[in-house]
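The values are calculated or read from the model by the stated rules, or taken from the named source; none is laboratory data. Remember, predicted model here, so these are calculated numbers, not experimental data. A quick note on method: Cβ atoms are made from the backbone with ideal geometry, for glycine too, and the neighbour counts reach across all protein chains shown.
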Amino acid sequence: MNATRHTLLAAIALLCTQAHAAPLTSPDRHISVDVAISTDGALTYAISRDGKPVILASALGLQLKGADLSSKLSLAASSPVKPVRDTYELATAKKRKISYSANEQTHTVRNAAGHAMDVTFRASNDGVAFRYVVREPKLAVKQFVSEATSFAFDPASKAWLQPMSVAQTGWSNTNPSYEEHYQREIPVGTPSKLGAGWVFPALFRTGDTWVALTEANMDGSFHASRLASESPNGVYRLAPPAAPEVFTNGALLASVKGELVTPWRIVTLGSLKTLVESTLGTDLAAPGIPFAKARVQPGHASWSWALLKDEGTVFDTQKQFVDFAADMKWDYTLVDADWDRKIGLDKLRDLVRYADGKKVGILVWYNSSGAWNKTEYSPKSALLTPGQRKKEFARLRELGVKGVKIDFFAGDGQSMVAYYVELLKDAADAGLLVNFHGATLPRGWSRTYPNLMTVEAVRGLEFTTFEQADQDAVPAHAAMLPFARNLFDPMDFTPMVFGDIPKIKRSTRNGFELAESVLFLSGIQHFAERPEGMASAPGHVKALLQDLPRSWDDVRFIDGYPGRYAIIARRSGDSWYVAGINADGAERKVELDLSFLGGRTGSLMTDGDTERSFTQAPIKAGKSTISIKPQGGFIAVFK
């Protein structure tokens, strides 16, 4: 009888091992991932932090043509847990020298037909990442059909989400470009108001844990995903792009011969401080391609189009903005759309020579599009083929142009993602820096392609120059960005106006505008201000902007709340810059803890008595209380 009981217990134990893998934990053991297969063959995962549920049991799996790898699965094997260690440097991120440490485990599952799929999980101290790999030799072509992947939240959780815009809507059919306002602190399960899904990064709060969802490692073989519009009971599913989001006649969804590898799906979690200081969005990206380190030149740029629009793209005005950049000790001047028609190649050559004499680099604009939208700005359709790109980029290199801004992409289809990657590679071969506008979220590309300086993918300042409603929304919108869009990837918001915006009443104080120059991360920060507006700023503000670091070595989250206020410290060398903004309509008193700065004394620049004035005062490190005016901000510099 005892032998029979022992055999029965052993059989039950074996069954449990087959159906439920041992939990994978982070190196510090605070985060745990449980992978299981239900009795009907559904593959799920769940994530907890300090024993408390964060992501509830959520679906895993892929549906490929000829192979359902999302149901009736069995666990074939689980690999031993192995440590993963990585170090790398980035010149366009919140930290320069970055270390990544995680524990990794791969689970192999099979469907009823015997088709195999690997699901690899990594648990780090700041989150969890997972991806699918299908090597199945029975499937010569792995053609993506759909995905079961979901993220289930407790129904009491809250979300801060940006709706995905509907493809082929907007000005000249240029959507989607990740350019909507966030819906803030909404109940999970709230449908997207536009019906096209939610973009990454997607921010949530469940209990005392903050969560940011995104993906990384887009190599051009897979489409980019988003969260589906409908999330019943707080269950968010991954969704594919819409049909029009393709390169002309190109593929929408992934289809590969050989090995199918999805992007890493990332669940960053912990305190708000953990999220703001995390680098998971680049940790999971592929290492950088070869690109001369001397050519990786982050910097600041003058840019006429922000306030002057198309009328400013003429030779004499661009020359004035080169002079402006030189006076501000900035590195670049961006020459925007229609330069080929309004300035021309010969005069561009003259402008490059003139700028070079003032130690200012010239960046030029291109229209990415072929037939996928109705834009007419030029140069248009000049980068569509490898031959065109090689010729165009070689000519720019010969002229001495430093980089390109490429605009008006079609969305997130596999062929469009491949187009982005081809542009980055070909520009790198030519030694050119890249800025994408009207574009997708870069998803870690700044690590893989060191020549990628920045990407728009945000409802930036230019929108606030068109409609008063967008200007009125700036304070809360800007206070969202460090916690979502700008969490991992460089962002070309094009900040900072001290003077007037034509036909628009500015909603922010000057201190708020100044703080954006430190809060917002961009490999090249294109400042919207023009010479006349900068002339209104006091000498100490101008001096700060002349001396502002081009890139950052470290970051510390000080305080904040998404959409309300944000205070972040950034280090360059031995100097620390602490920047803060207050989006609310009332003055905010903040307890600053800058004890990590020791006994230093710094300089505090913040708003004066009027909306367009500044004041300057000494500030001591340690613990102190400061007041931030309504829609105001500050920068404190400790050298």
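Do the conditions hold for Thr44, that is, is it among the polar types (S, T, N, Q), closer than 24 Å to Leu227 by Cα and in contact (Cβ under 8 Å) with a residue 12 or more places away in the chain? So Thr44 passes the test.
Report, by residue number, each residue of the stretch 577-611 that is of a type in the set (Gly, Ala, Ser) and in a strand (DSSP E or B).
Answer for the stretch 577-611, where residues must be of a type in the set (Gly, Ala, Ser) and in a strand (DSSP E or B): Ala579, Gly580, Gly602, Ser603.
Pairs are defined by a Cβ separation below 8 Å, a sequence spacing of at least 6 or placement on different chains, a first member in the stretch 416-427 that is assigned to a helix (DSSP H, G or I), and a second member that is acidic (Asp, Glu); the pairs so defined are Met416/Glu245; Val421/Asp219. Apart from one condition, Val401 fits all of (1) within 15 Å of Phe436 (Cα to Cα); (2) touching a Leu at 6+ places or on another chain (Cβ under 9 Å); the exception is (1). In the set Gly599, Gly539, only one residue is more than 20 Å from Lys629 (Cα to Cα) and free of Cβ contacts under 8 Å to residues at least 12 places away in the same chain; that residue is Gly539. Considering the stretch 18-41, the residues that are among the hydroxyl-bearing types (Ser, Thr, Tyr) and in contact (Cβ under 8 Å) with a residue 60 or more places away in the chain include one that is nearest to Tyr236 (Cα to Cα), namely Ser32. Scanning the stretch 433-448 for residues that are over 18 Å from Glu245 (Cβ atoms) and crowded, with 23+ Cβ neighbours inside 10 Å yields a total of 6.
Residue under question is Ala228, and the condition is that it be more than 20 Å from the chain's Cα centre (by Cα) and on the phi < 0 side of the Ramachandran plot; does it hold? When the stated conditions are applied, Ala228 does not pass them.
Scan the stretch 86-119 for residues that are closer than 19 Å to Thr448 by Cβ and either under 20 Å from the mean Cα position of the chain (by Cα) or without any contact (Cβ under 8 Å) to a residue 40 or more places away in the chain (or both) and the total you get is 14.
Looking across Arg389, Arg397, one residue alone is buried (at least 16 other Cβ atoms within 10 Å of the Cβ) and part of a helix (DSSP H, G or I). It is Arg389. Just one of (1) in contact with a helix residue (DSSP H, G or I) (Cβ under 7 Å, 6 or more places away or on another chain); (2) farther than 24 Å from Arg205 by Cα; (3) not aliphatic (A, V, I, L, M) fails for Ser627. It is (1). The condition (being more than 29 Å from the chain's Cα centre (by Cα) and not charged (D, E, K, R)) is satisfied by just one residue among Ser575, Ser603: Ser603. Of the residues making up the stretch 324-342, just one is buried (at least 19 other Cβ atoms within 10 Å of the Cβ), among the small types (Gly, Ala, Ser) and free of Cβ contacts under 8 Å to residues at least 40 places away in the same chain, namely Ala325. Only a single item in (1) touching a strand residue (DSSP E or B) at 6+ places or on another chain (Cβ under 8 Å); (2) at pLDDT 95 or above; (3) not aliphatic (A, V, I, L, M) is not met by Ser624, and it is number (2).
Among the conditions (1) of a type outside the set (Val, Ile, Thr); (2) at negative phi; (3) surrounded by fewer than 21 Cβ atoms within 10 Å (Cβ to Cβ); (4) touching a residue at least 40 places away in the same chain (Cβ under 8 Å), the only one that Ser302 does not satisfy is (3).
Only residues that are out of contact with any Gly (no Cβ under 6 Å at 6 or more places or on another chain) and either among the small types (Gly, Ala, Ser) or within 16 Å of Ala566 (Cβ to Cβ) (or both) were counted across the stretch 458-495, and they come to 17.
Val141 meets the conditions (1) surrounded by fewer than 16 Cβ atoms within 10 Å (Cβ to Cβ); (2) over 30 Å from Glu456 (Cα atoms); (3) among the β-branched types (Val, Ile, Thr); (4) in contact with a Phe, Trp or Tyr (Cβ under 9 Å, 6 or more places away or on another chain) in every case but one. The failed one is (4). Across the stretch 96-124, the number of residues qualifying as outside any strand (DSSP E or B) and either surrounded by fewer than 19 Cβ atoms within 10 Å (Cβ to Cβ) or on the phi > 0 side of the Ramachandran plot (or both) comes to 4. For the stretch 456-502, filtered to residues that are out of contact with any His (no Cβ under 8 Å at 6 or more places or on another chain) and of a type in the set (Ser, Thr, Tyr), the residue that is farthest from Leu213 (Cα to Cα) is Thr465.
Considered as a group, the residues in the stretch 535-578 that are of a type in the set (Ser, Thr, Tyr) and under 22 Å from Thr209 (Cα atoms) include one that is surrounded by the fewest Cβ atoms within 10 Å (Cβ to Cβ), and that residue is Tyr561.
One residue stands out among those in the stretch 33-43 that are part of a strand (DSSP E or B) and surrounded by fewer than 19 Cβ atoms within 10 Å (Cβ to Cβ): the one that is nearest to the chain's Cα centre (by Cα), which is Asp34.
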